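Some notes on the structure that comes next.
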Amino acid sequence: MNTKSITDTKERKEKKRAARKAAPPKAKRAAGVDRGSQKRKVKKMVKGQRKR
């Protein structure tokens with residue numbers, strides 16, 4: 001929802017909350033998908049090392 005035109009903070013918050021409540025529920029995360037800390041970390045490359 002676009003609330004940029006609303007300048008009053010309280011009014012904007014009310015509109016956003018109403019929109020969030022009216023929105024359909026989000027789908028659950030797929031079974032094999034990890035989140036945040038469970039994700040595999042990307043190893044940092046050492047400076048000056050060639051990629052190939």
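The values are calculated or read from the model by the stated rules, or taken from the named source; none is laboratory data. What you are looking at is a predicted structure, and each value in this text was computed from that prediction instead of being measured. Note: ideal-geometry Cβ built from the backbone for every residue, glycine included; neighbour counts use all protein chains shown.
When we screen Met1, Met45 for residues that are surrounded by 10 or more Cβ atoms within 10 Å (Cβ to Cβ), modelled with pLDDT under 95 and of a type in the set (A, V, I, L, M, F, W, C), the only hit is Met1. Answer with yes or no whether Arg40 is among the basic types (Lys, Arg), surrounded by 10 or more Cβ atoms within 10 Å (Cβ to Cβ) and under 19 Å from the mean Cα position of the chain (by Cα). Taking the combined requirement at face value, the residue does not satisfy it.
Only one entry in Ala19, Ala27 is in a helix (DSSP H, G or I) and not acidic (Asp, Glu), namely Ala19.
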